[in-house]
1. Do we find that GLU67 is assigned to a helix (DSSP H, G or I), acidic (Asp, Glu) and surrounded by 13 or more Cβ atoms within 10 Å (Cβ to Cβ) in this structure?
2. ASP98 fails exactly one of the following numbered conditions: (1) in a loop (DSSP other than H, G, I, E, B); (2) of a type outside the set (Ser, Thr, Tyr); (3) surrounded by 14 or more Cβ atoms within 10 Å (Cβ to Cβ). What is the number of that condition?
3. Please tell me if SER78 is within 24 Å of GLY93 (Cα to Cα) and either modelled with pLDDT of 95 or more or touching a Phe, Trp or Tyr at 6+ places or on another chain (Cβ under 6 Å) (or both).
4. Looking at VAL112, VAL146, VAL84, VAL89, can you tell me which residue is within 14 Å of VAL27 (Cα to Cα), open to solvent by less than 60 Å² (accessible area, probe 1.4 Å) and assigned to a helix (DSSP H, G or I)?
Amino acid sequence: MASALKNLSAYNSDNLPDISGKKFGLVVAEWNKEITDTLCKGAYDTLLQHGAKPENIYRNTVPGSFELTLGAQFLAQSNEIDTVIALGVVIKGETKHDDYICHAVAQGLTQVALKFNKPVIFGLVTTNDEQQAWDRAGGKHGNKGVEAAATAIQMLNWVS
């Protein structure tokens with residue numbers, strides 16, 4: 001659903017599993033760092049709000065969104081990590097680079113999830129301009145990082 005129609009920070013918190021013993025891997029792109037740091041803070045705070053322990057949340061950074069896939073794989077291959085949240089921002093430019101990057105990241109994260117049989121959450125903000133990115137990083141459309149963390153928690157209901 002388009003974020004213009006739904007606040008990214010609003011989610012159903014009914015029936016969330018106990019995550020006090022779960023370990024989370026956050027992989028965060030450094031490109032558009034101020035925005036991705038805001039997404040990461042939203043994810044981190046949401047995990048803490050629902051019972052995750054700070055010492056069970058690991059943050060790794062990668063240079064850009066394209067590298068999120070490999071960063072997610074490094075985290076997912078650890079038996080210690082229960083779920084991975086990938087956070088990045090791709091802003092449309094004068095070329096079609098955004099189409100290629102977004103497609104590659106979506107496919108790559110899907111492959112990592114299937115390979116390691118654990119939730120790998122797509123927390124990539126894809127926008128036409130920087131203002132739209134800020135609108136989805138705690139602005140008028142909420143915070144995609146919050147949505148990604150809530151999704152990770154919800155997916156843990158499926159993990160045995």
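1. Yes; evaluated as a whole, the condition is true for this residue.
2. That leaves (1) as the condition not met.
3. Spelling it out, it is not the case that SER78 is within 24 Å of GLY93 (Cα to Cα) and either modelled with pLDDT of 95 or more or touching a Phe, Trp or Tyr at 6+ places or on another chain (Cβ under 6 Å) (or both).
4. VAL112
Residues checked against (1) open to solvent by 50 Å² or more (accessible area, probe 1.4 Å); (2) among the small types (Gly, Ala, Ser):
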position: SER13; (1), (2): yes, yes
position: VAL28; (1), (2): no, no
position: THR36; (1), (2): no, no
position: ALA52; (1), (2): no, yes
position: ILE57; (1), (2): no, no
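The values are calculated or read from the model by the stated rules, or taken from the named source; none is laboratory data. The shown structure was predicted, so the numbers you read here are calculated from the model rather than taken from an experiment. Every residue, glycine among them, receives a Cβ derived from its backbone with ideal geometry; neighbour counts consider all protein chains shown. Each accessible area value is taken on the protein alone, full model and side chains, heavy atoms only, with ligands, DNA and RNA left out. Shrake-Rupley method; radii C 1.70, N 1.55, O 1.52, S 1.80 Å.
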